[in-house]
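Step one of this worksheet: look at the structure below.
Just so you know, all these numbers are worked out from the coordinates, no wet-lab data involved. Given the structure is predicted, the values throughout are model-derived calculations rather than measurements. Note that each Cβ is placed from the backbone with ideal geometry, even for glycine, and that neighbours are counted across all protein chains shown.
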Amino acid sequence: MKKQGELAATILGADFVEKLQKNSDVTLLKPASGLHIDANEIAIALNVVPRSVLGFLAANMRSMRIGDSKTIKLEPLIGINAAGHLSGSGAPSEHVLRLTKLDNDMYNGEIEGSGKILTTFRGKPLPGVGLVVMSTYEMYDGHAAEPAKQIAEQPPKEAAAVQHMINQEMVIKAGIISELTLQEILKLRIQTEMALSSLRAEIVSMAAHRLEISQAPTETTETESKLKRFLENREIKKKEANTFNIILAKGDSATCPDCRQNVLQDGTFNGCVCFGEDRNRKIFLKKTESGVQIKFAKGWDPENMEMLLEILKRRGK
């Protein structure tokens with residue numbers, strides 16, 4: 001089990017499993033199925049499920065697409081002798097794992113052996129399926145060692161392919177951390193765009209000032225230059241006031257989280273009562289290289305401006 005944890009640390013970073021455990025109350029939504037995966041279950045499975053079990057499952061499940069069903073014979077994993085023992089008779093009994101892929105890394109399934117259903121499960125990731133197999137066959141000692149030997153005896157090319165699938169599956173798990181921090185990334189992007197907008201204004205101001213200095217008569221006094229620069233900066237700030245950059249696709253809409261009214265449709269603002277006197281004021285949208293520039297008409301309350309920007313940022317969530 002220790003080697004399994006070291007493998008995860010080598011591929012995903014030493015703090016990968018620790019981050020999953022710290023976020024044990026987080027569930028990840030799978031949009032195609034509408035179900036959630038428990039991040040804590042993945043963290044436990046990566047520490048508990050032997051590498052041989054993960055390799056066997058990854059090799060047999062890699063070809064499945066969303067909606068596919070597959071039956072996997074478990075004798076190579078649990079051992080023929082173990083299958084006969086679990087059947088309650090001396091003769092080996094067929095043991096199979098039946099899977100249906102609901103979404104990326106999410107499966108429903110059942111384990112059948114000795115002519116009856118031994119276990120059923122729903123909404124499990126690949127490591128979670130490994131936990132189910134381990135629990136069903138009590139693979140806590142010698143049963144887990146046999147498939148490891150079989151994999152080691154495979155031809156080098158086939159063994160390399162299995163190892164590649166193990167690595168690929170574990171790299172997919174790294175996407176969990178990205179999903180957990182998606183909201184922070186979006187928030188940082190908006191803040192960065194606003195900072196860049198302010199920086200562009202300063203650059204324009206500096207360029208205009210330098211141009212003015214280069215074209216000014218030699219007899220222009222320092223006091224006059226300062227006055228011109230002050231007036232130019234004030235004019236630029238007036239133009240930039242109430243202007244923000246956002247990320248907005250064509251046809252995007254946004255709904256007020258309080259009254260559920262659609263406040264933005266096809267680039268048109270339809271204010272709801274939550275905006276008070278600002279519900280009838282206008283906003284102007286302009287496409288730029290970095291996204292969409294939104295400008296508020298004069299008279300907008302700063303709190304209402306902030307509320308609308310937050311609605312646009314959180315649209316679709």
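Quick notes on this structure:
- Whole-angstrom Cα spans of region 242-317 along principal axes, big to small: 33, 28, 17
- Where labels lie 7 Å past Cα in the beta-carbon direction, separation of GLU184 and SER69 in nm: 4.3 nm
- Estimated inter-spin distance, VAL48 and GLU303, nm [label 7 Å along Cα→Cβ]: 5.0 nm
- Taking 0.36 nm per residue of separation and subtracting the Cα-Cα distance, full extension of the segment from ASP252 to ASN167 would add 26.8 nm.
- In this structure, ILE117 and ARG314 have a Cβ-Cβ separation that, at R0 = 35 Å, corresponds to a calculated FRET efficiency of about 0.20.
- Between ALA208 and LEU227, the simple spin-label model (points 7 angstrom out along Cα→Cβ) gives 1.8 nm.
- Here the Karplus relation 6.51 cos²θ - 1.76 cosθ + 1.60, evaluated at θ = phi - 60°, turns the backbone of region 195-207 into coupling constants of 5, 5, 4, 5, 5, 4, 4, 5, 5, 4, 4, 5, 5 Hz, with x for every Gly and Pro.
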